[in-house]
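**Student:** Mind looking over this structure? Questions follow.
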Amino acid sequence: MASGLSDVTSISPHRMAVSTVTKPETSFTLIDDSFNANPDSMKAGLDGLSRWHAGAEQQPFRIAVLGAMLELGPDEHRLHEDVGRYAVEGGADALVTVAALPTRRWTRLPSHGAGGKAVAADPTMVQWAHDAEQADRMVTRLATDHEGTVVLLKGSHASGLSALAERWTQN
């Protein structure tokens, strides 16, 4: 068994895979963890994003692109708000939340969190995207405006963010 495992050269895709995305307009570091998501794994991914080059003289611009967490039960809205707030308070410079339906999951977060409290000093840095295509445009614009960007892509597989990761890494 040990011999067989020693020959493994890759892990499951979309699990904390780090790569450089190069687009005509910009380039950025991608941390692709779009395989699955729950409140604890979201927070762990966000912790990784906040620690990315934390000791460097020039700090990266950190973008968290978060897709929906599924099967959370009746606390779904609160848990999404908690994770969004954790992202902003934990050092994400920009947060792009992705949810197809405007009445579910992340939709209250872009301007306010639970209880109507603002979640970011600059609310323009907290944005809601309808789908991965719109998230792509938002991230591209932010990365173009901020040299040294690092992007965490995190969500349940069904959120569709893995397709965005594949598009970015195949260019």
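The values are calculated or read from the model by the stated rules, or taken from the named source; none is laboratory data. The structure displayed is predicted, hence computed values, not measured ones. Glycine also receives a Cβ, built like all others from the backbone with ideal geometry; neighbour counts cover every protein chain displayed. Surface areas here come from the heavy atoms of the whole protein model, side chains and all, with no ligands, DNA or RNA. Shrake-Rupley method; radii C 1.70, N 1.55, O 1.52, S 1.80 Å.
**Student:** Please identify which residues in the stretch 141-171 have an amide N closer than 11 Å to a label point set 7 Å out from the Cα of Ser19, following the Cα→Cβ vector.
**Tutor:** Residues 163-171 qualify, since their backbone N sits under 11 Å from the label point.
**Student:** Still on this model: In what sequence, largest accessible area first, do Lys154, Lys23, Lys43 appear using a 1.4 Å probe? Mind showing how you got there, number by number?
**Tutor:** Numbers: Lys154 0, Lys23 30, Lys43 65 Å².
Correct descending sequence by accessible area is Lys43, Lys23, Lys154.
**Student:** Under the Karplus relation 6.51 cos²θ - 1.76 cosθ + 1.60, θ = phi - 60°, what is the ordered set of whole-Hz ³J(HN,Hα) values for the stretch 72-82, x standing for Gly and Pro?
**Tutor:** Coupling constants for the stretch 72-82: 9, x, x, 8, 3, 4, 4, 5, 5, 4, 4 Hz.
**Student:** Rank Leu70, Leu152 by accessible area, highest first, at a 1.4 Å probe radius?
**Tutor:** On the way: Leu70 60, Leu152 0 Å².
Listed by decreasing accessible area, they come as Leu70, Leu152.
**Student:** Using only the alpha-carbon atoms, what does the stretch 28-105 span along each of its principal axes? Please give whole angstrom values in decreasing order.
**Tutor:** On the principal axes, the stretch 28-105 reaches 43, 21, 20 Å in Cα extent.
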